[in-house]
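The values are calculated or read from the model by the stated rules, or taken from the named source; none is laboratory data. These numbers come from a predicted model, not from an experiment. In this analysis, Cβ positions are derived from the backbone assuming ideal geometry, glycine residues included, and neighbour counts consider all displayed protein chains. Side chains are part of the model used for accessible areas, which takes the heavy atoms of the whole protein and leaves out ligands, DNA and RNA. Shrake-Rupley method; radii C 1.70, N 1.55, O 1.52, S 1.80 Å.
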Amino acid sequence: MRKLLALVAVIVAGTLLGWLMASNRLPDILAQEKKAEPAPAPRDGTPLVLPRPDFHFPGNVGRTYLDSDKAQFPQPVQAPKGAPNIVLILLDDAGFGQFSTFGGGVPSPTMDKLATEGLRYNRFHTTALCSPTRAALITGRNHHSAAFAGITELATGYDGYTCVLPKSCGTVGEVLRQNGYATAWIGKNHNTPTWELSAAGPFDRWANGLGFDYFYGFNAGDMNHWNPVLFENRNLVPATTDPNYHMTEDLADRAIAWVQKSKSIAPDKPFFLYVAPGATHAPHHAPKEWIDKFKGQFDGGWDKYREDTFARQKKLGVVPQDAKLTARSEGLPAWDSLNADQKKLYARMMEVFAGYGAHVDHHMGRVIDAVKQLPDADNTVFIYIAGDNGSSAEGGLEGSVNEMLFFNGFPEKWQDNIKVIDELGGPKHFNHFPSAWAHAMNTPFQWTKQVASHFGGTRNPMIVSWPARVKDKGGIRSQFTHVIDVVPTLYEVCGITAPTMLNGVPQKPIEGTSFAYTFDDAKAKSRRATQYFELGVNRGIYHNGWMASALSFPPWQPVREKFDPDKQKWELYNIDEDFTQANDLAARHPEKLRELQDLWWVEAAKYNVLPLDWRGANPRMNGELMGRPSLIAGRKSLTYFPGAIGLPDAASPPMLSKSWTITADIEVPDDKTSGMIVTHGGLGGGYGLYLRDGKPTFVYNYLALERPTFTAKDALPKGKVKLVVDFKYDGGGLGKGGTVTMTANGTKVAEGRLEKTIPIQFSITEGMDIGMDVGSAVDFTYKLPFKFTGKIEKVTIDLK
C-alpha cells in the first residue's frame with residue numbers, strides 16, 4: 001500500500017512540474033521563493049545582523065540556462081565608501097610619564113612625529129591590567145562585561161571572571177571583517193583561555209577565531225624576546241637560527257609584510273592592522289647597543305626623574321600648569337635612602353628599560369613608515385596607545401631577574417641580583433626594574449599597574465592621527481575617555497553600525513562612547529559621564545568630574561589574604577581641578593564620597609564586577625586549585641609522542657607539590673647521542689631530561705635560583721632503553737622537597753634530593769616539549785633547540 005501511495009505522489013508531482021514548465025510559471029515561482037529577507041539595517045550604515053544572508057540569484061530560472069536570465073555571482077562585501085585604513089598600536093606596561101612625547105625620559109621619535117601630525121589625549125584610561133584592557137579594546141565593552149576581570153591565568157568561575165570572551169561581545173576584528181576589511185593581529189594575544197591554547201583547540205577564541213584573517217605572535221601575558229614561542233595563525237613557528245634575533249623586530253617585519261601584501265593584492269580593500277608588541281612588559285630584553293645609549297642617564301634616581309619629567313610635561317602642555325606632583329606612593333623608598341650598590345644596580349635596570357622602550361618605538365616607526373608609503377596613506381587612522389595599563393611594579397621593591405619568583409610568592413634580594421648586573425637585558429634573565437621606577441614612569445600620578453583606583457594604573461598616553469581628517473595638527477585633547485571608547489570611534493569613522501546580532505548571537509550593547517567628536521573641537525564637552533574601575537578590589541569611580549578611589553593591596557604584594565572591602569579606605573578627588581589626584585577631599589565632602597561609593601556598587605552590579613575577589617597569584621594562578629577547565633585534570637597517566645612541542649603550561653602535566661614518574665622509551669644509536677627528551681618550562685623555572693654524549697641528565701630549575709642536576713656516570717647502552725626519573729615528594733604542603741631516582745633499564749644510574757620545589761607554577765609562557773626545547777633553556781649547558789639525535793618512542797608521565 002505504501003509503495004502504491006508513493007507511486008501516485010510521484011506521478012502527481014511530475015504532472016504538476018510539467019504543467020509549470022509548459023506554462024512558464026516555474027521561473028516566477030522560483031523567483032518568489034528565492035526572495036530572502038534582507039538583513040535589517042539602520043537608515044545609514046551597515047546591517048544590524050551579521051553575517052549577511054546567503055546569496056540567491058535574483059533573475060528568472062528556466063528549464064535550462066538558455067531560457068534563464070544571465071548568471072550573476074555573489075559579490076564580495078564592500079566596505080562603506082571612503083572607509084579608512086586603521087593601524088592600532090598598543091604597547092605593553094607603559095606609563096604616562098615614560099616616553100618623551102608625554103614628557104618622559106625615554107625617547108619616542110615615532111610617537112613624537114605622529115603627535116605633531118595628529119592629536120595627543122591626556123585623559124585616556126585603561127583598566128590597569130593587560131588582558132582586561134585588551135578585551136575592552138577589541139570589544140568596546142567593559143572588561144567585566146567581557147568576562148576579563150583579570151588575566152587569563154587568574155580566571156575564576158564567575159561571569160565577569162572566567163576569561164572566556166562571550167560570543168555576545170563580538171570583536172572589532174570580526175565586525176570589520178564582515179564589513180569588507182582585511183584584518184590582522186600581530187603580537188600579543190592574552191585573551192584566549194589558558195585551557196584552549198593547545199594544538200587540540202578549540203580555536204574559536206584564538207585570534208583567527210576572533211575575526212582576524214591573519215595572526216603572528218604569542219598567546220601569553222609576556223614572552224622571552226630572545227627565544228619566543230610564536231604562532232603563525234594556529235601553527236607553531238620554528239625557532240630562529242639568527243644569532244641577532246629579537247622578537248620586536250620580527251613582529252614589525254611581519255606587520256609590514258602583511259600590510260604590503262594585503263594592499264598589493266587588494267588595493268581597494270581597507271585594512272585593520274592591530275599591532276601589540278610585547279614591549280615594554282617584562283622581561284626587559286633589548287639589544288646591548290640600545291641599552292648602552294642610556295649609560296649614566298638615570299644615575300640621579302627615580303625622585304629626580306619624577307621632578308624632571310613633571311617639568312617637561314608642563315612645558316609640553318600635556319599636564320595643566322596648576323597641576324601638583326603627587327607624593328611618592330606609600331611603601332616606596334626614597335632614592336637617597338639607598339646605598340651605592342643599590343643605586344648602581346637600579347640605575348642599570350632603568351637603562352635597560354629605556355633601551356627596551358626606545359627600541360620598540362623605533363620598530364613601530366618602521367610599521368608606520370611602511371603604511372605611509374601605501375597609495376591611500378592619507379586615509380589611514382593611526383591610533384598609538386602607550387600602554388595597556390601603567391608601568392609595572394611587579395619587579396618588587398628590589399627589582400627582579402625572574403618574574404616567576406613573584407608569581408610563586410617569593411621576594412628577591414638586590415644582593416643576589418647585582419651579581420648579574422652585566423647580563424641584564426640579555427637572554428639569561430627575565431629582568432624587571434624595581435617598583436619605584438615603575439612609579440616614576442607613571443609621573444605625575446600615584447601608584448602603578450594593577451592599581452585601578454588611581455591614574456598611575458589607568459591613565460595612558462594615546463595619539464590619534466588621520467591625515468585626511470584631523471586638521472588640528474599637534475593638538476591636545478583632554479576629554480575623559482576610556483579604552484572601551486576606541487571601538488565605537490572606529491565604527492563611526494568607518495561608517496559601520498555595531499550589529500545587534502553577530503554570527504547568530506544577540507550582542508550586548510556597545511558600552512563605550514565614540515570620541516570622534518573631539519577630532520574637530522578641542523573644547524567639546526566630554527560625553528562620558530561615568531566610568532567604574534576595578535582590579536583586584538582596587539576600586540574607582542569617575543562621575544561628572546569627580547573621582548572616588550580605594551586601594552586594596554600594593555602591586556608588589558603577591559600574597560593577599562585577610563581583607564575586608566567594607567573597611568577599605570576611600571579617597572575623593574575633583575579631577576576637573578586636580579589633574580593628578582594630589583588633593584584628597586574625602587574629609588571635606590563626605591556626602592559626595594558617599595554618592596560615588598553608592599554609584600560604584602550600582603555600576604559593579606550592572607557590569608558583572610561582583611563578587612569581589614582580592615586573592616593574589618597564590619593561589620589563583622594554580623589552575624588545579626581554582627578548578628579551571630583542563631585537558632589534563634583527573635588524569636594520572638599521560639603519554640606523549642615525538643612532535644608534541646610547544647604545549648602551553650595549562651595543557652602540560654601538573655607536577656607541582658606531588659610525586660611523579662617520567663618514563664621515556666628511547667632508542668640510543670651510539671654513545672654520542674644527545675638532545676632533549678622532555679622538558680617543561682624554561683629560563684624562569686622547570687625541568688629537563690636530556691642526554692649529552694649518551695649520558696642521561698635530569699635538571700630541576702628552581703626559579704633560576706639554583707639548578708640541581710643529576711647525571712649518570714656512564715653513557716647509556718646502544719639500542720632500546722627505558723629511562724625513568726622517579727620523584728618521591730616529602731609532602732607537608734606546597735613547594736616541599738623530595739628524592740630523585742634515575743634508572744635505565746631497571747638499573748639505578750643517578751639519585752639525589754631536591755630540598756625544595758616550585759609551589760605554584762613553572763612558567764606562564766612555556767609548557768612541555770618532547771624531543772627538543774622550544775623557547776628558552778632550563779639551563780645554560782646546551783644550545784637551543786637541542787633536538788634529540790636518537791629516537792623517542794614515547795614519554796609517559798605518571799602523577800602520584
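Summary table
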| quantity | calculated |
| --- | --- |
| Of the criteria (1) in a loop (DSSP other than H, G, I, E, B); (2) over 23 Å from residue 621 (Cβ atoms); (3) in contact (Cβ under 8 Å) with a residue 40 or more places away in the chain, which one residue 763 fails | (2) |
| Lone qualifier among 151, 138 - being among the hydrophobic types (A, V, I, L, M, F, W, C), crowded, with 24+ Cβ neighbours inside 10 Å and modelled with pLDDT of 95 or more | 138 |
| Residue list for the range 77-108, filter: open to solvent by less than 10 Å² (accessible area, probe 1.4 Å) and in a loop (DSSP other than H, G, I, E, B) | 84, 91, 92, 93, 94, 95, 96, 97, 98, 103, 104, 108 |
| Test for residue 175: is it in contact (Cβ under 8 Å) with a residue 40 or more places away in the chain and open to solvent by 10 Å² or more (accessible area, probe 1.4 Å) | no |
| Residues of the range 45-76 satisfying the condition of being β-branched (Val, Ile, Thr) and either free of Cβ contacts under 8 Å to residues at least 40 places away in the same chain or open to solvent by less than 40 Å² (accessible area, probe 1.4 Å) (or both) | 46, 61, 64 |
| Residues satisfying the stated conditions in the range 367-396, i.e. of a type outside the set (A, V, I, L, M) and under 22 Å from the mean Cα position of the chain (by Cα) | 382, 384, 387, 388, 389, 390, 391, 392, 394, 395, 396 |
| Residue among 623, 627, 616 that is more than 30 Å from residue 798 (Cβ to Cβ) and within 23 Å of the chain's Cα centre (by Cα) | 616 |
| Test: residue 639 is surrounded by fewer than 20 Cβ atoms within 10 Å (Cβ to Cβ) and over 20 Å from residue 198 (Cα atoms) | no |
| Complete set of residues in the range 531-569 that are in contact with a Leu (Cβ under 8 Å, 6 or more places away or on another chain), at pLDDT 95 or above and open to solvent by 30 Å² or more (accessible area, probe 1.4 Å) | 543, 546, 569 |
| Filtered residues of the range 759-777 (kept if under 26 Å from residue 720 (Cα atoms) and not acidic (Asp, Glu)) | 768, 770, 771, 772, 774 |
| Complete set of residues in the range 128-177 that are within 13 Å of residue 191 (Cβ to Cβ), among the basic types (Lys, Arg) and not in a helix (DSSP H, G or I) | 141 |
| Filter result for the condition that a residue is touching a residue at least 24 places away in the same chain (Cβ under 8 Å), open to solvent by 30 Å² or more (accessible area, probe 1.4 Å), touching a Ser or Thr at 6+ places or on another chain (Cβ under 8 Å) and in a loop (DSSP other than H, G, I, E, B), over 599, 631, 612 | 631 |
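Residues are listed down the side, and each one gets a yes or a no for (1) farther than 30 Å from residue 432 by Cα; (2) open to solvent by less than 10 Å² (accessible area, probe 1.4 Å):
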residue	(1), (2)
347	no, yes
352	no, yes
356	no, yes
366	no, no
370	yes, no
374	yes, no
384	no, yes
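Rundown of residues vs (1) more than 20 Å from residue 649 (Cα to Cα); (2) β-branched (Val, Ile, Thr); (3) crowded, with 24+ Cβ neighbours inside 10 Å, yes/no style:
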{"residue": "131", "(1), (2), (3)": "no, no, yes"}
{"residue": "142", "(1), (2), (3)": "yes, no, yes"}
{"residue": "145", "(1), (2), (3)": "yes, no, yes"}
{"residue": "179", "(1), (2), (3)": "yes, no, yes"}
{"residue": "182", "(1), (2), (3)": "yes, no, no"}
{"residue": "225", "(1), (2), (3)": "no, no, yes"}
